[in-house]
Amino acid sequence: MPHIISSMTRVVVSSLTALTLFGSVASAQQPPTVRIRGTIEAVDGAMLTVKSREGTDMKVRMTDNVAVTGVAKIAKSDIKPGSYIGVTGMPQSDGSQKAVAIHVFPEAMRGTGEGFRPWDLRPNSTMTNATVDQKVEANDGDTIVVKYKDGEKKVLVTPDTPIVTFVAGEKSELKPGAKIIIFGATKKEDGSLEANRVNVGLDGITPPM
């Protein structure tokens, strides 16, 4: 997958910073942020009209220097020991996590949001950003052990688990019908929303995290 691999450094340089995705540290001085998942309905210059997954119509103004990141599907085989990944999971009775989705970070983003925390994809869902320590393959799904600075988690990856990575994106990919996720749209004092980063699913996929 040469396009994905060659694009990883560009993504980091032009699009993302480590504390923006999956667990940025907020301070009291920062304005509140809103996570938005949805479908673009219209684009008017810097203004996106988005139908959220909850069915709400939202208008989000993109900053002049907005960074656009593509979310691209990759294969399960791209998860290897040593990979730094994010696991959107559901807790299981034995203490493990069943992966709802996995995103593989570009190498230059290793360490982004490291740790385990609640997540809002589904009720009771979690996010674990960590390094793959072990991987055991099986016909009904793989089991991986991921380690982060405060602990580790065992994760079940089923054949249906979507696996994606981040690649360099273009503003032209922000068009009606595109599925997006904005991890931290800023809510301004007048109630309007502003985004300096937009993540868009490529080839029709919905960002699964």
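Which ranges mark the strands (runs of 3 or more DSSP E) fully within segment 54-124 that have 2 or more residues being more than 12 Å from the chain's Cα centre (by Cα) and closer than 23 Å to THR39 by Cα? Spell out the reasoning first.
On the way: elements: 57-73, 84-91, 97-104, 115-118.
Of the strands (runs of 3 or more DSSP E) lying wholly inside segment 54-124, those with at least 2 residues that are more than 12 Å from the chain's Cα centre (by Cα) and closer than 23 Å to THR39 by Cα span 57-73.
Do we have ILE163 as within 30 Å of GLY45 (Cβ to Cβ), open to solvent by less than 50 Å² (accessible area, probe 1.4 Å) and either basic (Lys, Arg) or at pLDDT 95 or above (or both) here? Before the answer, list the steps.
Values: within 30 Å of GLY45 (Cβ to Cβ): no; open to solvent by less than 50 Å² (accessible area, probe 1.4 Å): yes; either basic (Lys, Arg) or at pLDDT 95 or above (or both): yes.
When the stated conditions are applied, ILE163 does not pass them.
Considering each residue of segment 97-155, count those that are over 22 Å from ILE182 (Cβ atoms), touching a helix residue (DSSP H, G or I) at 6+ places or on another chain (Cβ under 9 Å) and open to solvent by less than 40 Å² (accessible area, probe 1.4 Å), and give that number.
Residues in segment 97-155 being over 22 Å from ILE182 (Cβ atoms), touching a helix residue (DSSP H, G or I) at 6+ places or on another chain (Cβ under 9 Å) and open to solvent by less than 40 Å² (accessible area, probe 1.4 Å): 1 in total.
Any idea how many residues of segment 156-175 are over 26 Å from MET62 (Cβ atoms), touching a helix residue (DSSP H, G or I) at 6+ places or on another chain (Cβ under 9 Å) and in a loop (DSSP other than H, G, I, E, B)?
Qualifying residue count, segment 156-175: 2.
Can you report the number of residues in segment 121-138 which are of a type outside the set (Val, Ile, Thr) and at pLDDT 95 or above?
Step one: list which residues in segment 121-138 are of a type outside the set (Val, Ile, Thr), which gives 121-125, 127, 129-130, 133-135, 137-138.
Add one more test, that the residue is at pLDDT 95 or above, and what stays is 121-125, 127, 129-130, 133.
The number of residues fulfilling the criteria is 9.
What do you reckon, is MET8 at pLDDT below 95, more than 20 Å from TRP119 (Cβ to Cβ) and open to solvent by 30 Å² or more (accessible area, probe 1.4 Å)?
On the way: at pLDDT below 95: yes; more than 20 Å from TRP119 (Cβ to Cβ): yes; open to solvent by 30 Å² or more (accessible area, probe 1.4 Å): yes.
When the stated conditions are applied, MET8 passes them.
Can you confirm whether ALA178 is touching a Leu at 6+ places or on another chain (Cβ under 7 Å) and either open to solvent by less than 30 Å² (accessible area, probe 1.4 Å) or at pLDDT below 95 (or both)?
On the way: touching a Leu at 6+ places or on another chain (Cβ under 7 Å): no; either open to solvent by less than 30 Å² (accessible area, probe 1.4 Å) or at pLDDT below 95 (or both): yes.
No, not satisfied.
Kindly indicate whether THR186 is of a type in the set (S, T, N, Q) and within 12 Å of the chain's Cα centre (by Cα).
Taking the combined requirement at face value, the residue does not satisfy it.
The values are calculated or read from the model by the stated rules, or taken from the named source; none is laboratory data. If you're wondering where the values come from, they're calculated on a predicted model, not measured in any experiment. No Cβ is skipped: glycine too gets one built from the backbone with ideal geometry, and neighbour counts run over all protein chains shown. Accessible surface is based on the protein model in full, side chains and every heavy atom, while ligands, DNA and RNA are left aside. Shrake-Rupley method; radii C 1.70, N 1.55, O 1.52, S 1.80 Å.
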